[in-house]
1. So if I check each of Thr361, Thr399, which one is within 13 Å of the ligand (Cβ to nearest atom), outside any helix (DSSP H, G or I), among the hydroxyl-bearing types (Ser, Thr, Tyr) and closer than 21 Å to Cys442 by Cβ?
2. For the range 309-327, give me each residue that is open to solvent by 30 Å² or more (accessible area, probe 1.4 Å), under 29 Å from the mean Cα position of the chain (by Cα) and farther than 16 Å from Thr278 by Cα.
3. I'm trying to understand the selection: among the residues of the range 369-396, which are open to solvent by 40 Å² or more (accessible area, probe 1.4 Å) and more than 9 Å from the ligand (Cβ to nearest atom)?
4. Out of curiosity, is Leu332 of a type in the set (A, V, I, L, M, F, W, C) and within 16 Å of the ligand (Cβ to nearest atom)?
5. I need the full set of residues from the range 384-426 which are in contact (Cβ under 8 Å) with a residue 40 or more places away in the chain and of a type in the set (Lys, Arg), in order please.
6. How many residues are under 22 Å from Arg231 (Cβ atoms) and touching a residue at least 40 places away in the same chain (Cβ under 8 Å) when one looks only at the range 427-455?
7. Return yes when Phe113 is aromatic (Phe, Trp, Tyr), open to solvent by 40 Å² or more (accessible area, probe 1.4 Å) and in contact with a Lys or Arg (Cβ under 9 Å, 6 or more places away or on another chain) and no when it is not.
8. Would you mention how many residues in the range 343-358 are touching a residue at least 40 places away in the same chain (Cβ under 8 Å) and in a loop (DSSP other than H, G, I, E, B)?
Amino acid sequence: MICIPIAAKTSEEAISLIKEAEKKADMTELRIDTIKKPEIRKIIIAAKKPVIATNRKKDEGGFFTGTEEERIRLIEEAVNEGAKYADVELSSGKEAINRLKGKCKLIVSHHNFKETPKELNEILKRINETGCDIIKIATLANDITDNIRMFELARKANSEGKKVIALCMGEKGEISRILYKKFGCFLTYSCLPGKETAPGQIPINLMKDVYRADKLNAQTKILGTIGNPARYSRSFYMFNPVYEKLGLNYVHLKLESDNLKEFLAEIKKLDPAGFSVTTPYKEEVIKYLDGIDETAKEIGAVNTIVVRNGKLIGYNTDGTGAKNAIMEKTGLENKRIVVIGAGGAAKAVAYTLSKEKCRITILNRTAAKTKELAKKLGCEYGRLDDIEKTRYDILINCTTVGMSPKESKTPIDKKHLRNTVMDIIYEPPVTRLLREAEEKGCQTIDGLSMLLQQGIEQFRLWTCREPPTGLMKESLWKSLSNQ
Ligand code: ATR
């Protein structure tokens, strides 16, 4: 079930938000503590779907300032008026918990807004001892692997026959909210767009329509984009609607990790099917793989991992993606191409294009890397400011310069832009480089086109099926209005 917490300032606002939330959510949580003079009866009667009555005190992330007696009394009132569930913090103590027991489905909760502590099992045990109906533990994720610990906790509670809500808060806890059914959780929390009530909540339209969280289950196979940052990734928009359409039990997530090695070891517990790998991990990831495809090995970078029998196998679809994106607009034969950058993405693009009948020059900031790559591919090379004297038909930016949040940057001065200009950055969808190229009348190829093309190849690798390219493109372009 998906629950939307309602944090309103007035009773009228609460009623109107409940009506809005009930259009998509299975239930709502009435946060009594955010309402000035709550007219409990009026609000509960207006709700058509089950309500959780909650009156959070300050140290558990709430706003209630009255006495403890008054706090519990208001929850009791909501229950008497028909709230099916009540949420009381473990720290409220036995007396408060016992007052509500038997009158409703009782959730006893524990929140930690600083971290996901080591002693999760101890907290679980203490809540279980209260004899509540549902155990809730919500802690802040400081690292994506905290979600895996939460997953194991939920699994333990399930194996003991307990209903549980186990989630990680914060941006790094997003996956625990999406995967609540895989975790075996009783419900997850979402929010109305722009009305987040806890850090990391995902708006209901994304939760249901894109991630389809309520349709996932214990068998769902995990796919996702690993990067740092990964928060700007749009792959999940492109892939999830395809899984829905084809009836595939997969989900594509954003997997932002600070520690790639630890992440890859831990995520195996979630039974992943594969990953996209993005900046800055395309080269580093190679040392953690169990196998690598010949082309990816030659390129020296991996942007796709397929998990086969628990083994991580690396591939690279960046080069083919870039080539196909170019071919949609122009040919490659006899073209002079400038590749800007010598990182993971640049290696893949330059390698793939070097197999075509075109001439490549690599320009990059760090000379040693540039020389090494150019020598390997047998092409010309230079520094970034050599663009002044380099003739080209197609310029491809493969650096991270101009990527959100540093959107005001550009790798190449406007005065040097001509003919065809391509940027592999897709966040923002029109980078400063592309905008300036358009202003100069150049033909442009954007990063979304490459994202789509490399994603088409990834889909083939992960699912061994022919990708519905039209739907992938439509979903990706639709995401631009989904900000
Ligand atoms: P990816 O895996 O996405 O290719 P990467 O391997 O970290 O990411 O490569 C990033 C590229 O952007 C590199 O070519 C890098 O240049 P260096 O080789 O000199 O490090 C380039 N880059 C990043 N920041 C840059 C900046 N401020 N100016 C110029 N180039 C930059």
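1. Thr399
2. Asn309, Gly310, Lys311, Lys323, Asn324
3. Hits for the range 369-396 are Lys371, Glu372, Lys375, Lys376, Gly378, Glu380, Tyr381, Arg383, Asp385, Glu388, Lys389, Arg391.
4. no
5. Residue satisfying the conditions is Arg391 alone.
6. So the count comes out to 9.
7. Considered against the rule, which asks whether it is aromatic (Phe, Trp, Tyr), open to solvent by 40 Å² or more (accessible area, probe 1.4 Å) and in contact with a Lys or Arg (Cβ under 9 Å, 6 or more places away or on another chain), Phe113 comes out as no.
8. Adding up the residues that qualify gives 1.
The values are calculated or read from the model by the stated rules, or taken from the named source; none is laboratory data. In this text, all values refer to a predicted model and were calculated from it rather than measured experimentally. Cβ atoms come from the backbone with ideal geometry, glycine included; neighbour counts cover every protein chain shown. Note: accessible area is taken over every heavy atom of the protein model, side chains too, but ligands, DNA and RNA are not part of it. Shrake-Rupley method; radii C 1.70, N 1.55, O 1.52, S 1.80 Å.
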